[in-house]
Amino acid sequence: MAATRLSGGHVVITPDIDTVWQWLDQVPDPEIPVISLVDLGVVRDVGYFGKKLRITLSPTYSGCPATRVIEQDVRKKLSVKGVDDVIINQQISPPWTTDWMSEKGKAKLQEFGIAPPSAKGQPEACPICGSANVSLASQFGSTPCKAHWRCDMCLESFDYFKCI
């Protein structure tokens, strides 16, 4: 990481790209705080535009109510690390997809009690007891990207992160 001292004693931090990715991996999703923005696949690119750090974010869908909070959380994390000269781009094309989620992120969802997205378009198993006997309770869950399901074995209800 490079630091440059400017006139007046102000120091500008210029972190390397890998360091910035590590910092962003510590920023939790505001709606599902057990998963980071990196593991969710929302952080699409990190680079420099001249001397400014440029972060590209893709919201989980274009009307996501957490988009501004995500941007604020990214700016706050970088500011705490000494990086204030940041450009944040919102990229909606190509649209975000659950394919961009990391395996680590999917495992964190499962551990938290949220069934991760599945190629089948429905939960593989109940995240609580592991039973494959599950039923759709409602296509609408606690957030627009989740559906509400019920386990027919343990009778617990749970969210399923929809495939998008």
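The values are calculated or read from the model by the stated rules, or taken from the named source; none is laboratory data. Quantities reported herein were computed from a predicted structural model and do not represent experimental measurements. Every residue, glycine among them, receives a Cβ derived from its backbone with ideal geometry; neighbour counts consider all protein chains shown. For accessibility, only protein heavy atoms count, side chains too; no ligands or nucleic acids. Shrake-Rupley method; radii C 1.70, N 1.55, O 1.52, S 1.80 Å.
Quick rundown of the values:
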item: Counted residues, the range 39-56 - those being of a type in the set (D, E, K, R) and touching a strand residue (DSSP E or B) at 6+ places or on another chain (Cβ under 6 Å); result: 4
item: Residue that is farthest from Asp84 (Cα to Cα), among those in the range 53-67 that are modelled with pLDDT of 95 or more and surrounded by fewer than 19 Cβ atoms within 10 Å (Cβ to Cβ); result: Thr56
item: Per-region count, the range 20-45, residues of a type in the set (Phe, Trp, Tyr) and open to solvent by less than 60 Å² (accessible area, probe 1.4 Å); result: 1
item: Residues of the range 138-152 satisfying the condition of being surrounded by 15 or more Cβ atoms within 10 Å (Cβ to Cβ) and either aliphatic (A, V, I, L, M) or modelled with pLDDT of 95 or more (or both); result: Ala147, His148, Trp149, Arg150, Cys151
item: Unmet criterion (only one of (1) in contact with a Lys or Arg (Cβ under 8 Å, 6 or more places away or on another chain); (2) assigned to a loop (DSSP other than H, G, I, E, B)) for Ala147; result: (2)
item: Filter result for Lys120 (open to solvent by 30 Å² or more (accessible area, probe 1.4 Å), under 15 Å from Ile164 (Cβ atoms), not hydroxyl-bearing (Ser, Thr, Tyr) and not in a loop (DSSP other than H, G, I, E, B)); result: no
item: Per-region count, the range 145-164, residues touching a Phe, Trp or Tyr at 6+ places or on another chain (Cβ under 9 Å) and of a type outside the set (Gly, Ala, Ser); result: 10
item: Residue within the range 72-89 that is surrounded by fewer than 17 Cβ atoms within 10 Å (Cβ to Cβ), touching a Ser or Thr at 6+ places or on another chain (Cβ under 7 Å) and more than 16 Å from Ile35 (Cα to Cα) present; result: yes
item: Of all residues in the range 128-144 being outside any loop (DSSP other than H, G, I, E, B) and among the polar types (S, T, N, Q), the one that is nearest to Cys64 (Cα to Cα); result: Ser138
item: Identity of the residue in the range 125-136, of a type outside the set (S, T, N, Q) and open to solvent by less than 60 Å² (accessible area, probe 1.4 Å), that ends up nearest to Phe112 (Cα to Cα); result: Pro127
